[in-house]
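Throughout, read-outs are computed from the coordinates displayed, never taken from laboratory work. Because the structure is a prediction, the values reported are computed rather than measured. No Cβ is skipped: glycine too gets one built from the backbone with ideal geometry, and neighbour counts run over all protein chains shown.
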Amino acid sequence: MKAPIAKARIWVHEAEGEASFSTITDVHGRFSLKLPDGHYNVMFTASGFTPNCKAYFTDMDIEDDLTIQLRPDDKHLEHIPGFESH
């Protein structure tokens, strides 16, 4: 079943530099990051899912239909920094 994942963490690291960024998805599984043109490695993580890493070039407009799928995996139920239960 393809459903949005709320509170998934997106880690972005400049492939040939030291800049890094992160954000989380909203309740609809959406996120937004404004990045300067460049080459980035992006890691998508969420508790209960296998992490997914992809490389992107931002000199193209990728704002609109960037869809990432995470596969369920009960081995990745560890604590994700920044997501403490209340």
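Quick notes
- Sites Phe31 and Lys2 - FRET efficiency at Förster radius 22 Å, r taken between beta-carbons, to 0.05: 0.85
- Couplings 3J(HN,Hα) of segment 22-30, computed from phi: 8, 7, 10, 7, 7, 5, 9, x, 9 Hz, in residue order, whole Hz [Karplus 6.51 cos²θ - 1.76 cosθ + 1.60, θ = phi - 60°; x for Gly and Pro].
- Estimated distance in nm for a label pair at Asp73 and Glu18, the labels positioned 7 Å out from Cα along Cα-to-Cβ: 3.1 nm
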